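Okay, so here's the structure we're looking at.
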Amino acid sequence: MKFAPGRTAIVTGAGVGIGKAIARRLTDEGVRLVLADIDGDLVEKVAADLPITPLVFVGDLSVRENATRLIATCRDGYGRVDILVNNAGGGVIRPTLSHTEETLRATIDRNLWTTIYCSLEALPLMKAAGYGRIINMGADSVRNGLDWHAIYNAAKGGVHGLTTGWAREFASDGITVNAIAPSATRTEAYDAFETAAATDPAMRATLDAVLAVIPAGRAGTVEEIAALTAYLASDESGFTTGQVLSINGGSTML
Ligand SMILES: NC(=O)c1ccc[n+]([C@@H]2O[C@H](COP(=O)([O-])OP(=O)(O)OC[C@H]3O[C@@H](n4cnc5c(N)ncnc54)[C@H](O)[C@@H]3O)[C@@H](O)[C@H]2O)c1
């Protein structure tokens with residue numbers, strides 16, 4: 001991918017899985033990074049394992065002042081904010097009527113408020129620079145209504161809605177806004193679930209149900225998500241905006 005020299009990116013939720021793979025890929029592309037996560041131990045370890053040391057920010061990004069400090073870390077550290085990957089998230093996946101007040105709010109906070117606050121802080125800088133790339137991590141379950149995903153889908157559907165709205169609003173400022181909608185992805189959590197499923201028929205049945213809606217018959221890899229992220233983050237993707245791009249082995253089409 002082509003990136004102008006000195007490009008910078010903020011990757012939220014970089015402590016595990018998809019975010020960690022995006023951090024690796026963008027580092028390989030020569031992008032200067034700020035990695036952010038609510039879990040300091042995880043994100044510090046990811047940072048330490050990269051060949052080029054990134055800046056690190058630890059904090060809950062569903063709190064506005066933390067989002068403000070994150071964007072300032074990139075601006076003050078590198079002098080610019082070119083790329084924002086709103087990857088922090090994660091679902092509390094359970095039957096709708098089993099949700100508690102706490103799990104309802106956690107699901108919306110982690111996925112939607114993190115995206116809103118980080119973008120609100122980054123957009124003025126991108127607008128002033130006349131350049132920006134925002135990549136939001138959505139979810140393919142919004143399209144197929146996967147079992148038990150309704151509350152999570154409410155949050156990710158909101159993320160998809162922000163994507164189209166901001167893409168239109170900031171198109172003439174040189175800013176693109178796109179979302180990636182993964183289906184099941186082979187993260188550390190997926191691997192742990194699969195291992196446990198080997199001796200638990202109910203968990204195996206859950207996994208089989210997830211895979212049954214994927215024609216490719218497998219979960220995606222974090223590297224596959226990171227590759228599309230790198231394209232959307234690159235200088236070459238300037239005419240792609242307002243899209244929700246599924247990576248789903250054919251689970252939904254069009
Ligand atoms: N793994 C999948 O199968 C899958 C499928 C569809 C969408 N997604 C989305 O992709 C993204 C990455 O998923 P993943 O499975 O790699 O990791 P994950 O969903 O388990 O967690 C992502 C990271 O976000 C961090 N985080 C959560 N809330 C935060 C907050 N308030 N402030 C700062 N950091 C916070 C977590 O600590 C974690 O390191 C998430 O947005 C997830 O919803 C994942």
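Would you pick out the residues in region 127-150 that are touching a Lys or Arg at 6+ places or on another chain (Cβ under 8 Å) and farther than 19 Å from residue 243 by Cα?
129, 148
Give me the helices (runs of 4 or more DSSP H) completely within region 72-160, filtered to those with at least 2 residues that are under 23 Å from residue 11 (Cα atoms) and among the hydrophobic types (A, V, I, L, M, F, W, C), ordered by residue number. Quick ask: steps written out before the conclusion?
Details: elements: 101-108, 114-129, 141-144.
By residue number, 101-108, 114-129.
Among the numbered criteria (1) more than 21 Å from residue 124 (Cα to Cα); (2) buried (at least 18 other Cβ atoms within 10 Å of the Cβ); (3) more than 15 Å from the ligand (Cβ to nearest atom), which one does residue 177 miss?
Failing condition for residue 177: (1).
Of 150, 122, 139, which residue is at pLDDT 95 or above and near the ligand (Cβ under 9 Å from one of its atoms)? Outline the logic, then answer.
Details: 150 fails: near the ligand (Cβ under 9 Å from one of its atoms); 122 fails: near the ligand (Cβ under 9 Å from one of its atoms).
Checking each option against the conditions leaves just 139.
Looking only at region 22-56, which residues are more than 8 Å from the ligand (Cβ to nearest atom), of a type in the set (A, V, I, L, M) and not in a loop (DSSP other than H, G, I, E, B)?
22, 23, 26, 33, 34, 35, 46, 47, 48, 55, 56 - these are the residues of region 22-56 that are more than 8 Å from the ligand (Cβ to nearest atom), of a type in the set (A, V, I, L, M) and not in a loop (DSSP other than H, G, I, E, B).
Sort out which residues of region 65-114 are of a type in the set (Lys, Arg) and within 10 Å of the ligand (Cβ to nearest atom), and write them in order of number.
Correct list: 110 only.
Quick check: is even one residue across region 1-12 within 9 Å of the ligand (Cβ to nearest atom) and either crowded, with 24+ Cβ neighbours inside 10 Å or not charged (D, E, K, R) (or both)?
The answer is yes, given that some residue of region 1-12 is within 9 Å of the ligand (Cβ to nearest atom) and either crowded, with 24+ Cβ neighbours inside 10 Å or not charged (D, E, K, R) (or both).
Look through region 57-66, keep the residues that are outside any strand (DSSP E or B) and touching a helix residue (DSSP H, G or I) at 6+ places or on another chain (Cβ under 7 Å), and return whichever of them is surrounded by the most Cβ atoms within 10 Å (Cβ to Cβ).
61
The values are calculated or read from the model by the stated rules, or taken from the named source; none is laboratory data. Because the structure is predicted, anything quoted here is derived from the model rather than measured. A quick note on method: Cβ atoms are made from the backbone with ideal geometry, for glycine too, and the neighbour counts reach across all protein chains shown.
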